[in-house]
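Worksheet for the structure shown next.
The values are calculated or read from the model by the stated rules, or taken from the named source; none is laboratory data. All values reported here derive from a predicted model rather than from experimental measurement. Here the Cβ positions follow ideal geometry from the backbone for every residue, glycine too, while neighbour counts run over all protein chains shown.
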Amino acid sequence: MKWIKMVAAMELKKSLTYRVHFWVQFVGHVGAELLVAYFLWKAVFETRNTTSIGGFSLLTMTYYYLFSACSLRIVRGGEGEAGYISTDIYDGSLTRYLLYPLPFLGFKYVAHLAQQGIGILQLLLVFLFVSTVIGFPNESSISLFTLMAGIATSLFVGYLYYLLQVCIEMVAFWQDVVWNLMAMFRMTTIFFGGAVLPLAFFPDWGRTVAHFTPFPLLISYPVKTFLGQITLFEWLESFALFIGWVLFLTLLSRWIWTRGVKQYSGVGI
Amino acid sequence: MIEVQDLTKTFRIHKKEAGLKGSIRALFHREWHSVEALKSVTFNVKAGETVGLVGANGAGKTTLLKLLSGILHPTSGSAKVLGHTPWERSNQFRRQIALIMGQKAQLWWDLPAADCFLLLKEIYEIPQNQYQESLDSLTQLLDVRNQMNTQIRRLSLGERMKMELIAALLHRPRVVFLDEPTIGLDVNAQRALRDFIANYSLQWKPALILTSHYMEDIKHLCRRVVIIREGDFIYDGPLSKVVHQFTRHKVVTVALDAPLNGSYALPKHLGEVLSCDATLARFKVDRERIAEASSWLLQNCQVSDLSIEEEDISTVISKLFLGSPS
């Protein structure tokens with residue numbers, strides 16, 4: 001099983017080879033989103049002439065967006081190797097993985113995990129910078145413990161994101177082009193996950209709909225953990241839901257894989 | 001080592017009319033048709049045997065290799081490679097085979113070859129001493145030691161192909177499938193790769209199936225050849241007998257002492273003139289009548305030299321691709 005270490009190392013090497021991409025991805029995904037959210041909410045707070053909206057102060061709101069951007073980055077794992085499954089199928093690169101004596105989906109997940117590691121490094125850098133510049137909100141429950149718990153939560157919900165992504169990417173066994181499905185999936189994740197707007201601001205029916213999907217688990221769940229806004233009971237309840245979705249999607253992904261690989265024609269070779 | 005019985009593969013492909021109109025129509029309705037890439041083929045390959053698989057583009061060569069390496073599932077038929085059904089892709093099976101495709105990079109584009117090889121060492125669970133020994137020997141034989149730390153995408157086609165070969169052979173596979181390994185390479189690189197494959201085959205005695213459009217590859221490496229046309233095997237036997245089996249003629253070339261005015265003529269029943277100029281002529285002669293035709297030429301012309309040759313194998317095989325001689 002030494003290949004796991006090697007695949008992770010390989011993915012890290014690949015990511016770190018292109019250092020401009022590394023910093024642009026970092027600044028683009030996290031820094032830009034954070035700045036936009038900060039100035040937008042600052043304007044809202046000033047217009048309303050209030051210091052709290054829905055229980056969030058401007059500073060807490062800033063941290064909410066900081067953690068949602070970072071969580072999204074960690075959970076998605078940079079969409080490196082795992083993001084290329086449909087391309088692998090489309091251009092025949094899957095052939096390589098069918099030849100090697102290792103589980104294809106396992107290989108891709110290890111690559112995804114390595115990318116998550118890079119996301120954590122980026123989170124720590126940006127967190128250090130932001131907390132030094134703007135400090136912590138007075139009502140904050142953010143601590144080293146919540147930071148670690150948030151990172152751990154983002155790491156394991158990353159597996160759920162990976163499974164969802166894999167199931168969609170594998171549609172490429174039957175349909176050549178799946179980028180539109182992936183775009184829809186990303187948008188839905190961002191919206192129902194609470195990256196655009198905290199779920200607390202959703203109407204009741206919106207929250208109910210979101211609750212029946214895996215999306216709040218992908219962003220809202222780790223962000224609440226980072227902010228220390230989740231009780232142990234709520235955390236465990238979400239964890240149980242996570243386990244349920246993972247079991248379902250693991251079976252689904254295996255079912256799709258078994259059927260899909262029979263369709264594979266290795267074109268492009 | 002390789003046992004194939006009635007193996008058939010049919011692809012379902014959608015047809016689209018050319019042009020914008022066709023594209024719009026295809027949005028609502030698609031026509032599908034079946035293409036039989038492989039038609040019930042049966043053959044065996046023993047350990048240490050190198051088989052050349054030749055055929056025109058689209059004849060089914062790559063499909064056969066993909067089936068035998070477990071990438072594709074067949075429509076019907078069976079195959080056993082080292083006792084395993086290839087498309088079940090057991091790890092034990094995959095640890096003992098290699099597929100090298102000249103037209104497709106299998107190594108990781110953004111990594112140097114050295115890193116790719118280390119990863120493969122772990123994937124194939126190659127013991128450190130065997131890995132080092134194989135790597136040293138392969139890199140030396142293929143003369144690529146100085147390129148080991150260059151990203152794969154920055155290598156020339158020849159260098160990349162050599163790295164692909166090393167990657168595929170590091171684990172010393174018992175069955176090797178080579179799909180056009182010399183495609184696009186210059187003459188020297190082709191020769192180097194051919195020599196390398198020949199040496200490897202001699203040393204490790206794998207069952208090896210090679211496809212190539214270059215007859216030099218086939219002539220150099222394979223004693224046995226399988227000719228495939230539109231998914232059917234039309235010949236499976238020694239390379240040396242292809243010409244004998246598929247041509248009834250030999251080529252007789254005569255050189256004259258003095259230039260000839262006019263042209264040569266053989267009695268019709270002996271053969272026909274292929275080409276002639278003032279001092280040299282070539283005749284296509286039925287192999288049964290070679291002695292008779294030679295004797296006639298020696299008696300009736302001032303011959304300074306006479307040679308009898310088989311028709312060039314490349315020409316024969318090219319004709320077979322096109323459907324003749326039958």
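Just a few scattered comments:
- The residues of segment B:85-124 that are farther than 18 Å from B:MET148 by Cβ, within 8 Å of chain A (Cβ to nearest Cβ) and in a loop (DSSP other than H, G, I, E, B), listed by number, are B:ARG89, B:ARG95, B:GLN103, B:LYS104, B:TYR124.
Listed here are the residues, each with its yes/no results for (1) β-branched (Val, Ile, Thr); (2) outside any helix (DSSP H, G or I); (3) surrounded by fewer than 19 Cβ atoms within 10 Å (Cβ to Cβ); (4) touching a helix residue (DSSP H, G or I) at 6+ places or on another chain (Cβ under 7 Å).
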residue	(1), (2), (3), (4)
A:THR132	yes, no, yes, no
A:SER141	no, yes, yes, yes
A:MET148	no, no, yes, no
A:SER154	no, no, no, yes
A:LEU160	no, no, no, yes
A:VAL166	yes, no, no, yes
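- Residues that are touching a Gly at 6+ places or on another chain (Cβ under 9 Å) and at the interface with chain A (Cβ under 8 Å from one of its Cβ atoms), drawn from segment B:70-84: B:ILE71, B:LEU72
- Pair list, Cβ < 8 Å and 6+ apart or interchain, from segment B:67-88 residues that are closer than 15 Å to A:LYS262 by Cα and outside the structural domain of B:MET101 (by TED's automatic domain parsing) to residues that are assigned to a loop (DSSP other than H, G, I, E, B) and of a type in the set (Lys, Arg): none
- B:ILE126 satisfies every condition listed in (1) buried (at least 22 other Cβ atoms within 10 Å of the Cβ); (2) within 18 Å of A:PRO101 (Cβ to Cβ); (3) out of contact with any Ser or Thr (no Cβ under 6 Å at 6 or more places or on another chain) except (1).
- Residue within segment B:266-275 that is more than 35 Å from the chain's Cα centre (by Cα), in a helix (DSSP H, G or I) and surrounded by fewer than 15 Cβ atoms within 10 Å (Cβ to Cβ) present: no
- Condition check for B:ALA59 on (1) part of a loop (DSSP other than H, G, I, E, B); (2) at the interface with chain A (Cβ under 9 Å from one of its Cβ atoms): one failure, at (2).
- Restricting the first member to segment B:309-320 and to residues that are closer than 13 Å to B:VAL252 by Cα, and the second to residues that are assigned to a loop (DSSP other than H, G, I, E, B) and at pLDDT 75 or above, the beta-carbon pairs closer than 8 Å and six or more apart or on different chains are B:GLU310/B:THR247; B:GLU311/B:THR247.
- Qualifying residue in segment B:280-288 (condition: farther than 30 Å from B:ALA37 by Cβ, touching a helix residue (DSSP H, G or I) at 6+ places or on another chain (Cβ under 6 Å) and crowded, with 19+ Cβ neighbours inside 10 Å): yes
- Test result for B:PHE177, within 12 Å of chain A (Cβ to nearest Cβ), in contact (Cβ under 8 Å) with a residue 24 or more places away in the chain, surrounded by 19 or more Cβ atoms within 10 Å (Cβ to Cβ) and among the aromatic types (Phe, Trp, Tyr): yes
- Filter result for B:ILE218 (under 13 Å from the mean Cα position of the chain (by Cα) and β-branched (Val, Ile, Thr)): yes
- Selection status of A:VAL223, in a helix (DSSP H, G or I), in contact (Cβ under 8 Å) with a residue 24 or more places away in the chain, crowded, with 19+ Cβ neighbours inside 10 Å and within 14 Å of chain B (Cβ to nearest Cβ): no
- Which listed residue, of A:LEU12, A:LEU99, A:LEU66, is touching a residue at least 40 places away in the same chain (Cβ under 8 Å) and either within 30 Å of A:THR250 (Cβ to Cβ) or of a type in the set (Phe, Trp, Tyr) (or both): A:LEU12
- Of the set (1) more than 14 Å from chain B (Cβ to nearest Cβ); (2) part of a helix (DSSP H, G or I); (3) of a type in the set (Val, Ile, Thr), all apply to A:VAL261 but (1).
So that you can scan it fast, the table gives a plain yes or no per residue for (1) within 15 Å of A:LYS14 (Cβ to Cβ); (2) within 14 Å of chain B (Cβ to nearest Cβ); (3) at pLDDT 90 or above:
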{"site": "A:GLU81", "(1), (2), (3)": "yes, yes, no"}
{"site": "A:TYR90", "(1), (2), (3)": "no, yes, no"}
{"site": "A:TYR100", "(1), (2), (3)": "no, yes, yes"}
{"site": "A:LEU123", "(1), (2), (3)": "no, no, no"}
{"site": "A:SER131", "(1), (2), (3)": "no, no, no"}
{"site": "A:PRO137", "(1), (2), (3)": "no, no, no"}
{"site": "A:ILE142", "(1), (2), (3)": "no, no, no"}
{"site": "A:MET148", "(1), (2), (3)": "no, no, yes"}
{"site": "A:SER154", "(1), (2), (3)": "no, no, yes"}
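- Listing of helices (runs of 4 or more DSSP H) fully contained in segment A:1-112 that carry 2 or more residues being under 22 Å from the mean Cα position of the chain (by Cα): A:2-17, A:19-26, A:33-48, A:58-76, A:85-91
Every residue, every condition in (1) in contact with a Lys or Arg (Cβ under 9 Å, 6 or more places away or on another chain); (2) crowded, with 21+ Cβ neighbours inside 10 Å; (3) at pLDDT 85 or above, yes or no:
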position	(1), (2), (3)
B:TYR131	yes, no, yes
B:LYS162	no, yes, yes
B:VAL187	no, no, no
B:GLN190	no, yes, no
B:TYR200	no, no, yes
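- In the condition set (1) under 30 Å from B:SER90 (Cβ atoms); (2) out of contact with any Phe, Trp or Tyr (no Cβ under 6 Å at 6 or more places or on another chain); (3) surrounded by 13 or more Cβ atoms within 10 Å (Cβ to Cβ); (4) modelled with pLDDT of 90 or more, A:GLY260 is compliant with all but (2).
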